[in-house]
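These notes concern the structure reproduced below.
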Amino acid sequence: MTPAAVLAYALTFMWTDIISEVFGKKAARKVVWIGFFSQLIMLGLVEFAIVMPEPAWQEELASWFKQILGSTWFIVVASLIAYLVSQHHDVWAFHKWREVTRGRYLWLRNNLSTMVSQGIDTVLFISLAFGVLPYMVYGEPLIPWSALPSLMLGQYLAKIIIAVLDTPLVYAGVKIVKKE
């Protein structure tokens with residue numbers, strides 16, 4: 001089973017590659033940082049909602065809300081770390097491949113940079129969110145250590161499929177953005 005967030009997140013690499021191709025490395029890095037700070041703002045809003053007093057008629061729902069959203073900090077911290085590392089790697093790798101290919105073979109640059117970056121993201125996120133961070137707090141991972149590699153493999157394969165399938169969208173996106 002692959003979470004829906006894997007699809008949404010995998011597509012961010014497509015946009016980073018389109019921005020890299022059309023506007024360059026500096027613009028792509030700026031977008032990565034905007035995405036990071038957007039996630040921090042979202043985290044702040046969720047935390048604010050958790051500490052706000054709830055109306056008496058919503059006490060039961062409020063406790064569920066706090067329990068569900070309050071327990072996701074492992075996922076949020078792991079996501080932020082994995083996002084920054086993998087997205088910056090993607091921008092760097094895309095432009096490195098652009099140099100090597102002399103600006104040709106967009107499909108190759110897009111896929112190579114994304115596939116390696118997605119691997120970095122998957123390993124960092126899953127090991128931090130379900131292993132390392134819970135272990136540091138509770139003395140045990142949320143998911144047994146032995147199960148983490150299969151979880152990583154499943155999510156990575158889904159991301160690879162998305163990367164290959166989004167290649168025509170990268171070409172279309174570059175064409176549309178350049179036209180504008």
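Just so you know, all these numbers are worked out from the coordinates, no wet-lab data involved. All values reported here derive from a predicted model rather than from experimental measurement. Methodologically, a virtual Cβ is constructed for each residue, glycine included, from the backbone with ideal geometry; neighbour enumeration extends over all protein chains shown.
General remarks:
- Sequence-separation-based contact order of the chain, relative, with Cα cut under 8 Å and 6+ spacing, percent: 33 percent
- Computed on the Cα atoms alone, the convex hull of the chain gives a volume of 142 cubic angstrom per residue.
- Computed E for Trp73/Trp145 - FRET, C-beta separation, R0 25 angstrom, nearest 0.05: 0.75
- Extension reserve of the Val51-Leu80 stretch, reckoned as 0.36 nm per residue once the Cα distance is removed: 8.2 nm
- Pairwise FRET efficiency - Glu99 versus Val164, Cβ, R0 = 22 Å, nearest 0.05: 0.45
- Computed from the alpha carbon atoms alone, the convex hull of the range 104-180 holds 94 Å³ per residue.
- On the basis of the beta-carbon distance and an R0 of 30 Å, Val22 and Leu157 show a calculated FRET efficiency of 0.55.
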